[in-house]
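The values are calculated or read from the model by the stated rules, or taken from the named source; none is laboratory data. Computed from a predicted structure; not experimentally measured. Reconstructed Cβ throughout: ideal geometry from the backbone, glycine too, with neighbour counts over all protein chains shown.
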Amino acid sequence: MHADDQASAGYGSAGAAGVPPPPPGYEEAMRLALAEAERAAARGEVPVGAVVLDEEGRTLAAAGNDREASGDPTGHAEVLALRAAAAARGTWRLDGCTLVVTLEPCTMCAGAAVQSRVSRVVYGAVDERGGAAGSLWDVLRDRRLYHRPEVVMGVLAEECAALLSAFFAARR
């Protein structure tokens, strides 16, 4: 289950529960993803944003959730950003790229990251009820899969979690 489907989900900081803080270097990209999430919230969408960076750290694509507007169940920020990055590159293979997302990916989005061959997935808030990057499931590091991207968690986690919590609190 993705955060879109659960108003009472547990979002948290990756630094909690003894998890080390993330390495520096992804804050700027996460701020771009947060801006996408804020735009999504302004449209009435669950505030999740994603950015795809190329090998040099340049932004290839950015997106926010659009499930409500599009009526598309796959309209998660990660899927939209990966599609746009693939279109920009002219290939579905995003080797060397980094997916940066404000919320730990769900199973669908983690699967899309694996299938796109991104080298790294960076996320902010932990999704304890639907995360598929180590919280509930660990699709991204499943040894049975051919491709396993590096996972970096907790980048601007508190800001990412606060945005989601405020969004759902306003709807209760």
Q: Identify the single condition in (1) touching a strand residue (DSSP E or B) at 6+ places or on another chain (Cβ under 6 Å); (2) over 19 Å from ALA33 (Cα atoms) that ARG172 does not satisfy, given that it satisfies every other one.
A: (1)
Q: Give the stretch 112-122 a look and list any residue that's crowded, with 17+ Cβ neighbours inside 10 Å, of a type outside the set (Gly, Ala, Ser) and without any contact (Cβ under 8 Å) to a residue 40 or more places away in the chain, or say none.
A: VAL114, ARG120, VAL121
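Report, by residue number, each residue of the stretch 132-172 that is acidic (Asp, Glu) and touching a residue at least 40 places away in the same chain (Cβ under 8 Å). Explain how you work it out, then say what you get.
Filtering the stretch 132-172 down to residues acidic (Asp, Glu) leaves 138, 142, 150, 158-159.
Of everything in the stretch 132-172, those that are acidic (Asp, Glu) and touching a residue at least 40 places away in the same chain (Cβ under 8 Å) turn out to be GLU158, GLU159.
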Q. Looking at the stretch 36-54, is at least one residue touching a Lys or Arg at 6+ places or on another chain (Cβ under 9 Å), modelled with pLDDT of 95 or more, of a type in the set (D, E, K, R) and surrounded by 15 or more Cβ atoms within 10 Å (Cβ to Cβ)?
A. yes
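Output the residues belonging to the stretch 40-76 that are within 16 Å of LEU164 (Cβ to Cβ) and either in contact with a strand residue (DSSP E or B) (Cβ under 7 Å, 6 or more places away or on another chain) or assigned to a loop (DSSP other than H, G, I, E, B) (or both).
Here is the first cut: in the stretch 40-76, the ones within 16 Å of LEU164 (Cβ to Cβ) are 40-50, 64-65, 67-68, 76.
Across the stretch 40-76, the qualifying residues are ALA40, ARG43, GLY44, GLU45, VAL46, PRO47, VAL48, GLY49, ALA50, GLY64, ASN65, HIS76.
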(Q) Restricting to the stretch 1-26, and then to whatever is part of a helix (DSSP H, G or I) and loosely packed, with under 15 Cβ neighbours inside 10 Å, can you tell me which residue is modelled with the lowest pLDDT? (A) ASP5
Q.
If a residue must be crowded, with 24+ Cβ neighbours inside 10 Å and out of contact with any helix residue (DSSP H, G or I) (no Cβ under 6 Å at 6 or more places or on another chain), how many such residues does the stretch 128-148 contain?
A. 1
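Scan the stretch 137-172 for residues that are among the β-branched types (Val, Ile, Thr) and in a helix (DSSP H, G or I) and jot them down. Steps first, answer last, please.
We begin by selecting, within the stretch 137-172, every residue among the β-branched types (Val, Ile, Thr); these are 139, 151-152, 155.
Within the stretch 137-172, just VAL139 meets the criteria.
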Q.
Go through (1) in contact with an Asp or Glu (Cβ under 8 Å, 6 or more places away or on another chain); (2) in contact (Cβ under 8 Å) with a residue 60 or more places away in the chain; (3) more than 18 Å from ARG39 (Cα to Cα); (4) not in a loop (DSSP other than H, G, I, E, B) for MET108 and report which single condition fails.
A. (1)
